[in-house]
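The values are calculated or read from the model by the stated rules, or taken from the named source; none is laboratory data. All figures in this text were calculated on a predicted structure; none of them were measured in a lab. Glycine gets a Cβ as well: all are built from the backbone with ideal geometry, and neighbour counts include every protein chain shown. Side chains are part of the model used for accessible areas, which takes the heavy atoms of the whole protein and leaves out ligands, DNA and RNA. Shrake-Rupley method; radii C 1.70, N 1.55, O 1.52, S 1.80 Å.
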Amino acid sequence: MAEISEEPPNPIPPQPQPQHTHQPSESTIRKAKPGLKRLTLTLSVLVSFIFAFPFLYKSVEIHRAPLPFREIDSLSSQIGSSNNHPSLSFPCHFQAIFINFNNSNAETLESLIFDELTKLTSNTTSQCSTLSVKLVNSGPIWSLIGAVDFGGDDESVDEALAGVLGGEKVYSVVVVKGESEEAKGVVGKYRHGWVVGRVSEVEAAERVAEMFVKVFVHGGKEEGFIHGEFMPVGADGRIVLSFNLLNSNPHDWVYDWDFQAIDDTLLAPIIKALGPVANISVESQVLYHTPKSSFSFWDDKRKGYIFSTKDLPFFVNSNEWHLDTSIAAGGRSKILQFVVYVPSAKECPLLLQLPNGEISKTNGFISPMWGGVIVWNPQGCLKDSESQHPIRQTISRQDLQKVFEVFMGQFRQLFGLKSDNLYFGSSGTYSLLASEKGFSEWELDFLARRHTCFNLHSCATTLGSLSRLVQSLPRMIIMDEIGKQVKYSLEAANLAQRNASLGHYDASAVSSRLARSLAEDAFFHPSIMSVSYYSFEHCFAVYSPFFLPVSMHVLLAALREWRRYKIENRKYLAWKAEVKKNS
């Protein structure tokens, strides 16, 4: 077989690959420069929001007058944290005058007096932080006092000593060695007292020291009396004495009183004497159909209706006794109610029985921080009850004066003083002479010192509370008037401290009363009490739902537009570079 050979077919030659050159697409190039109109509009909206934020913050900003926080803290540290231990300096000057004693023992007497003073003041807090004692056993004053007749009545001796010692504001005690076995101690109406009798040097020193500390400094105040925090003076330094005559049943009898005469003769001197301590005003009223709430029972032995001290909490009938009719009842003034209760014929005479079984001589009682009540039984009330028609009468001047003498004793008790004329001390008994003003001069000094301490402590406490309240509430509105009241209160408090250090008791009491009143006015200012306060976080939570969504949209739109502008600007720059390369 013949082999037939054939040539293989020629393969297809490879085609040359075309050479591609990079040509920019329409999506990656921009032949026109991007405009700034959209970006400018978006940024202008964003900038307007940014600039509007301070105006928004200013619109919700509150007014806060600057308060002297440092001065308030300084006052609180100076006054002290306790009313019973105030860090106030009241200088008290004493002098002891010895008659018919051996002058050679003057140093011994002086040493004994200082030892007794130290003993009495070591365990108690004294209002007088500075004590100065002077022993007088010679000189013109000693001669004039030696000429006084101490054997006369106490009123005459008191006036005679006032003529000799009344020129200086010094507490004086005169000790006269006499022949009487029993020593007699008397405290006068002014700033002096005397002891007459056969006393030894040790006994004389004890009596002098006790009269200085217990009577002149502490006011003869005993345990169980009304404490300093129960001062019957309002926050504004005012007291309203409301006198009420209550006719229990006017169908039996109706009584009236000549109150104006009593106001002019008895109350006016008292109000004037207590002027530095409080601003006192007086009002009166007569009420009818005012039965008491407690019960009474008939006692054949005493021929009267008896109510005991256990019934006193239920005696005042608040439902029928409409006493709070004063215009000051809604303010910060203190109202002291003094009630003369005229019982009905069914319980006349009405007598108060004491816990010891005896009948009260005053037939009255007090309620601390409220006032006092006196049950006045008309004379011959059993006979008058048989009449068919009520008799309208007026309480006689003598009976009314006796009633107001009892009121005076109750008023003194409300101020923490003794209502009787005796002081029982460890070294003996002392008679306390009553003053026509209701308060002796040494008692007024005691009240002035006591009220100064109480007012300054209250002022410091109130201002401290206000300071802490303001600093804890940054959104609290502080009016300019509040700032002025705080400033003037601090000035008055500092003035009271200076007057106290100088021994000006009345001036310190007036300044401290003003300081307390201004502090109370600042703390209870209407602009503080009528506004609800909230924090800045609360304010942000209230306004953010209104402004945050719009602000976020504006901010995102500005970012998106800025990003778009950058991209478009890069395209334009790329096209310009390509054109420059090809050319």
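One residue is enough: does the stretch 44-54 have a residue meeting the conditions more than 30 Å from Lys566 (Cα to Cα) and either modelled with pLDDT of 65 or more or not in a loop (DSSP other than H, G, I, E, B) (or both)? Yes: the stretch 44-54 contains one or more residues that are more than 30 Å from Lys566 (Cα to Cα) and either modelled with pLDDT of 65 or more or not in a loop (DSSP other than H, G, I, E, B) (or both). The residue list Val199, Val187, Val173 contains one member that is more than 26 Å from Phe446 (Cα to Cα) and crowded, with 21+ Cβ neighbours inside 10 Å, which is Val199. Of the set (1) at pLDDT 85 or above; (2) at positive phi, all apply to Gly380 but (1).
Across the stretch 290-313, which residue is nearest to Ala345 (Cα to Cα) among those that are exposed (fewer than 14 other Cβ atoms within 10 Å of the Cβ) and either basic (Lys, Arg) or touching a Lys or Arg at 6+ places or on another chain (Cβ under 8 Å) (or both)? The selected residue is Lys303.
Taking the condition over 18 Å from Thr309 (Cα atoms) and either touching a Gly at 6+ places or on another chain (Cβ under 6 Å) or modelled with pLDDT of 85 or more (or both), does Lys334 pass?
On the way: over 18 Å from Thr309 (Cα atoms): yes; either touching a Gly at 6+ places or on another chain (Cβ under 6 Å) or modelled with pLDDT of 85 or more (or both): yes.
For Lys334, the condition - over 18 Å from Thr309 (Cα atoms) and either touching a Gly at 6+ places or on another chain (Cβ under 6 Å) or modelled with pLDDT of 85 or more (or both) - is met.
Using the structure shown, decide if Val531 is assigned to a loop (DSSP other than H, G, I, E, B), at negative phi, modelled with pLDDT under 85 and not aromatic (Phe, Trp, Tyr). I'd like the intermediate steps shown before the answer.
Details: assigned to a loop (DSSP other than H, G, I, E, B): yes; at negative phi: yes; modelled with pLDDT under 85: yes; not aromatic (Phe, Trp, Tyr): yes.
Yes, satisfied.
Looking only at residues in the stretch 352-362 that are surrounded by fewer than 21 Cβ atoms within 10 Å (Cβ to Cβ) and in contact (Cβ under 8 Å) with a residue 24 or more places away in the chain, the one that is farthest from Asn247 (Cα to Cα) is Pro355.
I need the full set of residues from the stretch 185-221 which are among the hydroxyl-bearing types (Ser, Thr, Tyr) and either more than 32 Å from the chain's Cα centre (by Cα) or at positive phi (or both), in order please. Once the filter is applied, which keeps residues that are among the hydroxyl-bearing types (Ser, Thr, Tyr) and either more than 32 Å from the chain's Cα centre (by Cα) or at positive phi (or both), the stretch 185-221 yields only Ser200. Among residues of the stretch 488-513 that are more than 13 Å from Leu456 (Cα to Cα), those with a beta-carbon under 6 Å from a residue that is among the hydrophobic types (A, V, I, L, M, F, W, C) and in a helix (DSSP H, G or I) at least six positions away or on a different chain give the pairs Tyr488/Leu518; Tyr505/Ala448; Asp506/Ala448.
Taking into account only those residues within the stretch 390-424 that are outside any helix (DSSP H, G or I) and surrounded by 16 or more Cβ atoms within 10 Å (Cβ to Cβ), which is farthest from the chain's Cα centre (by Cα)? So, considering only residues that are outside any helix (DSSP H, G or I) and surrounded by 16 or more Cβ atoms within 10 Å (Cβ to Cβ), the one farthest from the chain's Cα centre (by Cα) is Ile395.
Filter the stretch 256-277 down to the residues that are open to solvent by less than 10 Å² (accessible area, probe 1.4 Å) and either out of contact with any strand residue (DSSP E or B) (no Cβ under 7 Å at 6 or more places or on another chain) or at pLDDT below 90 (or both) and list them by number. Please lay out each step first, then the result.
Let us first name the residues in the stretch 256-277 that are open to solvent by less than 10 Å² (accessible area, probe 1.4 Å), namely 262, 274, 277.
Scanning the stretch 256-277 gives Ile262, Val277.
Which one is surrounded by the most Cβ atoms within 10 Å (Cβ to Cβ), of the residues in the stretch 76-91 that are at pLDDT 80 or above and out of contact with any Gly (no Cβ under 8 Å at 6 or more places or on another chain)? The extreme case among them is Ile79.
Here is a check on your reading of the model: is Arg468 basic (Lys, Arg), part of a helix (DSSP H, G or I) and within 23 Å of Ala273 (Cα to Cα)? Write out each step before concluding.
On the way: basic (Lys, Arg): yes; part of a helix (DSSP H, G or I): yes; within 23 Å of Ala273 (Cα to Cα): no.
Criteria not met by Arg468.
For the stretch 534-577, residues that are open to solvent by 50 Å² or more (accessible area, probe 1.4 Å) and over 24 Å from Leu39 (Cβ atoms) total 11.
If you take the residues in the stretch 470-521 that are of a type in the set (S, T, N, Q) and at pLDDT below 90, which one is most open to solvent (accessible area, probe 1.4 Å)? Working first, answer last.
Applying the first criterion (of a type in the set (S, T, N, Q)) to the stretch 470-521 yields 471-472, 485, 489, 494, 497, 499, 501, 508, 511-512, 517.
Then keep just the ones that are at pLDDT below 90; that gives 471-472, 501.
Values: Gln471: 110, Ser472: 75, Ser501: 58 Å².
Restricting to residues being of a type in the set (S, T, N, Q) and at pLDDT below 90, the top hit is Gln471.
Within the stretch 142-171, the residues that satisfy the criterion of being part of a helix (DSSP H, G or I) and of a type in the set (Asp, Glu) are Asp154, Glu155, Asp158, Glu159.
Residue-wise test of (1) within 30 Å of Glu358 (Cα to Cα); (2) over 32 Å from the mean Cα position of the chain (by Cα).
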{"residue": "Val254", "(1), (2)": "yes, yes"}
{"residue": "Ala261", "(1), (2)": "no, yes"}
{"residue": "Ala268", "(1), (2)": "no, no"}
{"residue": "Val277", "(1), (2)": "no, no"}
{"residue": "Tyr288", "(1), (2)": "no, yes"}
{"residue": "Ser293", "(1), (2)": "yes, yes"}
{"residue": "Lys303", "(1), (2)": "yes, yes"}
{"residue": "Ser333", "(1), (2)": "no, no"}
{"residue": "Phe338", "(1), (2)": "yes, no"}
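The set of residues in the stretch 349-368 that are closer than 11 Å to Arg302 by Cβ and either touching a helix residue (DSSP H, G or I) at 6+ places or on another chain (Cβ under 6 Å) or not in a strand (DSSP E or B) (or both) comprises Pro349, Gly357, Glu358.
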